[in-house]
Amino acid sequence: MGLRSFAASHLPAFAQLNTGKAHVAKGDVTSFDALLGRLDYLSKSDLKRVREAYRFADEAHLGQFRTSGEPYITHPIAVAGICAEWRLDAQAIMAALMHDAMEDCGITKAELIERFESPTAELVDGLTKLDKLQFSTREESQAESFRKMLLAMARDVRVILIKLADRLHNMRTMEAMAPQRSRRIAKETLDIYAPIAHRLGLNEIYRELQEQSFRYIHPWRHAALTKAVAKARGHRRDLVARVEREVIKAFGDAGLKADIHGREKTLFSIYKKMREKHLSFAQVSDIFGFRVVVHELPQCYLSLGILHQLYKPQPGRFKDYIAIPKPNGYQSLHTTLVSPLGSPIEFQMRTTTMHLVAEKGVAAHWLYKSKGDGSDQQLNSRWLQSLLDIQDETRDATEFLEHVKIDLFPDAVYVFTPKSKIMALPKGATPVDFAYAIHSDVGDHCVAAQVNGEPTPLRTTLRSGDVVEVITAPGATPNPAWLSFVRTGRARSKIRHFLKNLEQEESRELGQKMLAQALRAEGLPMPELDSSDSAVSALWQELARWADNRNINELLTEVGLGRKIASIVAKKLARMLSEQGQRPDAVLLSMGRYSADNVPAQGQVLLDGSEAASVQLASCCRPIPGDDIRGYLGRGEGLVVHTGDCSVGRRLFQRDSEHWLAVAWAEEMSRGFEASIGLLLKNGKGVLAQVASAVSSAEADITHITMGDEAPSKETAEMQLLVDVRDRLHLADVLRTLKRTPTVLRAWRTKG
C-alpha cells in the first residue's frame, strides 16, 4: 500500500536527531576517492576537470592543517561532498574544492581564469572574503565580505550553496576551537547563514545550522534539553505507536497510498518556543508530529479530510501553505489534531515534489532537474533581485547588511492587492512596505492607504488576509518619519536613497549661492552653469578637475556641505576668468547689491524653513525668525545656523572665522520653529494641564516636556518646554500668556 511504519522504523531516527556529532559525521566525505563515489552523475570530461581542481587545491593547501590537526584539504573535500549531495555541476564542485585557495594560499583570480576558465573563477572569487583589505573595524570588514558574497549570490545562486556547505562543515567540526571563537562563529551563523538557508528553502541545512549554533552558544541548555527530549520520547512511545497504527488503518480504509514519516521538533525550536511563550519543557506539547507525503495535489486535501474524521482538529491551528506558499516556496497543509490521550499532534500533508522543494529549496533545481520545472528558482528570484536593488541605493556595507538582515526575518504576513494578487511581507510590515513592494514609484508617491476598505494610518501593522490599497499623489515625496516604522529592507533603502539625493540637491543649491557670493566679493559675476557656450562649459570642467571632483555639480555639493571652502574655489575661478580677459567690476566690488535672482545680496543666504538636510538650526541656541543669526559651514555637516549672541557660535568664530557666512531670514516662513522655554511653577495637582492649556491658547504646540525631579512635598518645581512658534513675536505672546497663568511664577526663553 506504500505506507511506512512509524514507531519501529522512525524512533531510532528520532534518537539520532539531536545527538550532535554522531548524526553529523554520517554525511561527510573525508577523501577524494569517497568524493568521486558521489560524483557518478558527472560526465568523464567533467570528472577530469574536477580531478585537476583537486590536485590544484591539494598543492595549494600543502602543509596547512586545521585546528583539529587534520590536513586542511579534508575541509574542501567535505564541502564538495555536501555540494555533490545536491548534484551541483562540475563548476560548483571545482569551486568548492578551491574555495579557500585565493583567501589562504595567495592564488590570484587571473591564475584561476587561466587554468579553470572564468565561470569557476567567478564562483571562487564570490566566496573569497576581503580580509586582505584594510578596514577600520572587524564589523566593517565582515559587513563588506557579506555584501560581496550576497551580491555574487544574486548573480549566481551556486555561490551561496557552496558557502552554506562550507559553513555547515565548519559548524560540524568546531570541537577543537576555543569556546569564545566557536560562540562567535555560532552567533554569526544563527544571525545570517541560517536565515539565508531558510529564505532559500534549504530547510535541512537551516535546521542543522540552528541546532549546531544552539549547541555552541548555550551548551548547558542544549545538554539539558537533549536529556529532556530523550526522556519524553520514552514516555510517549506508546502514544506515538498507537496514533501511527490508527492513521495507517484510516488511510488503508480510504484506499489512499501515502508515505507517513515521523518527525521531531528540533531542540532549538523547542528552546525558542519556551523562551518566546515563557513555557516550561513540560508545557511544550507538539514535540512529535507526522508528515504525510502523497503523489498528487488533490490527495493532500483528501488526506486532511481522512485525518479530521479520525481525530478532532484544534480550532485555529489549520494553515494552507499550498494555496498561499511561503516566500521561500514552501508548500504544505498544516493541521493540529487532538490525540486519543488529549495531547495535540501536528500533521503536515504535501506531495512528493513539494517535499523535495521543502527540504532542498533552490538546490532542488539541480538535484531533481528531471522532476522539477525550475519554479523553485523563480520563487526566490524576486528576493535575489532585491539584493541588487538595495545595493544600487546603499553603498555603505554595514547599511546594506542591515537591510538584508531585515529581509531575512523568517515570519511573514500575506496580504492582497485590490485585484486579489497575494503579496508576502515580513511580520510587522506596514502599508508603506506594501507600496514599495509593488513599485518604488508607488512608495515614493504614497500619501494614504485603505485596509479592507477603511482609511488607516501609514504606520498601521498589516495582518494576514488584509486587502490593501495605496493612494498616491504626483507631488508627494517620502517622509523621513517612515524610517521609524517600515520593516522591509527594500522600503528602508529606497527612502534613505531619496533623502540622500534630496540632501545632495539642497547642498548643491546652497553651494551655488555660496560660490556666487564669494565670487562677487572678487568683483566678478557667476558664469552660467548650464551655458551653451563651449568656453564656459570648459571653464567649469577645468575647475572641477582642479578641485578633484568628477563634475561641477559634485564640487558645488561639497562646497554646500562645507568640505570645500567657497572663497578658495572663488579665487581660483577668478584667476581662470582673468586669464580669459575678464576684469573685476568696480560696482560689484564696492556695492554688490543684487544676486542673479534679485535677492538683496552681500552674499546672504536666505532661510525660509523649507531647508531640510543641508541647513541645521543649532540646538545650543535654537534660533527662530527675528533672531540675529549667522551661519557656520562645518566640514561635511552643511550649514549650521547660530544666534548672534550664542556662546558656542562665538567660540567657533574665534577658532575658525573663514567658515562663517552671512545668513538672514526670508520674509515668508514655510513652517514653525522650536524655541526652548524655562518655567518655575507652584507645585500641585493639574499644573501640567494648566501649562498645556496656556500654550494652546497662544496658538502654539508643545513638542517636548522635561520635568525636574523635585519631591512632591516641595513648593516649587521647574519645567522645560520645547514649543513650536512662528517667530520672536509669537514666542513673546506665548511667554506673556504663561506668565498670566496662576501656577506659573516665572517664564523665560532658555538658550544653551
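The values are calculated or read from the model by the stated rules, or taken from the named source; none is laboratory data. Remember, predicted model here, so these are calculated numbers, not experimental data. In this analysis, Cβ positions are derived from the backbone assuming ideal geometry, glycine residues included, and neighbour counts consider all displayed protein chains.
hydroxyl-bearing (Ser, Thr, Tyr), surrounded by 12 or more Cβ atoms within 10 Å (Cβ to Cβ) and at pLDDT below 80: which single residue out of SER578, SER614 fits that description?
Criteria check complete, one pass: SER614.
Among the numbered conditions (1) small (Gly, Ala, Ser); (2) crowded, with 22+ Cβ neighbours inside 10 Å; (3) on the phi > 0 side of the Ramachandran plot, tell me where GLY523 comes up short.
(2)
Of ARG207, ARG291, ARG233, ARG242, which residue is within 23 Å of PHE347 (Cα to Cα) and touching a His at 6+ places or on another chain (Cβ under 6 Å)?
None of the others qualify; the one that does is ARG291.
With (1) modelled with pLDDT of 80 or more; (2) more than 25 Å from LYS421 (Cα to Cα); (3) buried (at least 19 other Cβ atoms within 10 Å of the Cβ) as the list, and MET514 as the residue in question, which single condition is left unmet?
(1)
In this structure, is ALA53 in a helix (DSSP H, G or I), modelled with pLDDT of 85 or more, within 41 Å of the chain's Cα centre (by Cα) and surrounded by 15 or more Cβ atoms within 10 Å (Cβ to Cβ)?
yes
In contact with a Gly (Cβ under 6 Å, 6 or more places away or on another chain) and of a type outside the set (Ser, Thr, Tyr): which single residue out of GLY316, GLY342, GLY305, GLY329 fits that description?
GLY329
For segment 691-740, enumerate the residues that are part of a strand (DSSP E or B), under 18 Å from LEU681 (Cα atoms) and either of a type outside the set (D, E, K, R) or not assigned by TED's automatic domain parsing to the domain that holds LEU681 (or both).
If the condition is that a residue be part of a strand (DSSP E or B), under 18 Å from LEU681 (Cα atoms) and either of a type outside the set (D, E, K, R) or not assigned by TED's automatic domain parsing to the domain that holds LEU681 (or both), then ILE702, HIS704, ILE705, THR706, MET707, THR716, ALA717, MET719, GLN720, LEU721, LEU722, VAL723 are the ones that fit.
Say whether the condition of being modelled with pLDDT of 55 or more, crowded, with 19+ Cβ neighbours inside 10 Å and in contact with a His (Cβ under 9 Å, 6 or more places away or on another chain) is met by at least one residue in segment 28-38.
So far as segment 28-38 goes, no, none of its residues is modelled with pLDDT of 55 or more, crowded, with 19+ Cβ neighbours inside 10 Å and in contact with a His (Cβ under 9 Å, 6 or more places away or on another chain).
Hey, can you tell me all the residues within segment 70-84 that are farther than 12 Å from ASP100 by Cα and without any contact (Cβ under 8 Å) to a residue 24 or more places away in the chain?
Across segment 70-84, the qualifying residues are GLU70, PRO71.
For the structure I just gave you, tell me whether ASP645 is charged (D, E, K, R) and loosely packed, with under 14 Cβ neighbours inside 10 Å.
So ASP645 passes the test.
Quick one: is ARG635 in contact with a Pro (Cβ under 8 Å, 6 or more places away or on another chain), loosely packed, with under 15 Cβ neighbours inside 10 Å and modelled with pLDDT under 80?
no
Look at LYS494 and say whether it is touching a residue at least 24 places away in the same chain (Cβ under 8 Å), surrounded by 18 or more Cβ atoms within 10 Å (Cβ to Cβ), over 22 Å from LEU606 (Cβ atoms) and not small (Gly, Ala, Ser).
For LYS494, the condition - touching a residue at least 24 places away in the same chain (Cβ under 8 Å), surrounded by 18 or more Cβ atoms within 10 Å (Cβ to Cβ), over 22 Å from LEU606 (Cβ atoms) and not small (Gly, Ala, Ser) - is met.
Would you check which residues across segment 171-228 are of a type in the set (Lys, Arg) and modelled with pLDDT of 85 or more and list them?
Correct list: ARG172, ARG181, ARG183, ARG184, LYS187, ARG207, ARG215, ARG221, LYS227.
Tell me which helices (runs of 4 or more DSSP H) are completely within segment 74-132 and hold 1 or more residues being surrounded by fewer than 24 Cβ atoms within 10 Å (Cβ to Cβ) and among the β-branched types (Val, Ile, Thr), or say none if there are none.
Here the list reads 74-85, 109-116, 118-127.
Evaluate segment 592-599: report whether one residue or more is at pLDDT 75 or above, surrounded by fewer than 15 Cβ atoms within 10 Å (Cβ to Cβ) and in the same structural domain as ARG630 (by TED's automatic domain parsing).
no
Could you please let me know if PHE290 is crowded, with 20+ Cβ neighbours inside 10 Å, in contact (Cβ under 8 Å) with a residue 12 or more places away in the chain, not assigned by TED's automatic domain parsing to the domain that holds ARG199 and not in a strand (DSSP E or B)?
No.
Can you tell me which residue among GLU509, GLU522 is among the acidic types (Asp, Glu), out of contact with any Lys or Arg (no Cβ under 9 Å at 6 or more places or on another chain) and in the same structural domain as ASN553 (by TED's automatic domain parsing)?
Result: GLU509 is the single residue among GLU509, GLU522 that is among the acidic types (Asp, Glu), out of contact with any Lys or Arg (no Cβ under 9 Å at 6 or more places or on another chain) and in the same structural domain as ASN553 (by TED's automatic domain parsing).
Just checking, does segment 453-462 include any residue being basic (Lys, Arg), modelled with pLDDT of 85 or more, over 30 Å from LEU633 (Cβ atoms) and not assigned by TED's automatic domain parsing to the domain that holds PRO195?
yes
Taking segment 67-112 only, how many residues are of a type in the set (Val, Ile, Thr) and at pLDDT 85 or above?
Qualifying residue count, segment 67-112: 6.
Could you list, in sequence order, all residues of segment 652-670 that are out of contact with any Leu (no Cβ under 8 Å at 6 or more places or on another chain), without any contact (Cβ under 8 Å) to a residue 60 or more places away in the chain and not in a loop (DSSP other than H, G, I, E, B)?
Once the filter is applied, which keeps residues that are out of contact with any Leu (no Cβ under 8 Å at 6 or more places or on another chain), without any contact (Cβ under 8 Å) to a residue 60 or more places away in the chain and not in a loop (DSSP other than H, G, I, E, B), segment 652-670 yields LEU652, PHE653, GLN654, ARG655, SER657.
Determine if segment 313-334 includes at least one residue that is in a helix (DSSP H, G or I) and not aromatic (Phe, Trp, Tyr).
no
With respect to GLY63, is the statement that it is outside any helix (DSSP H, G or I), modelled with pLDDT of 70 or more, within 21 Å of ASN170 (Cβ to Cβ) and more than 32 Å from the chain's Cα centre (by Cα) true?
yes
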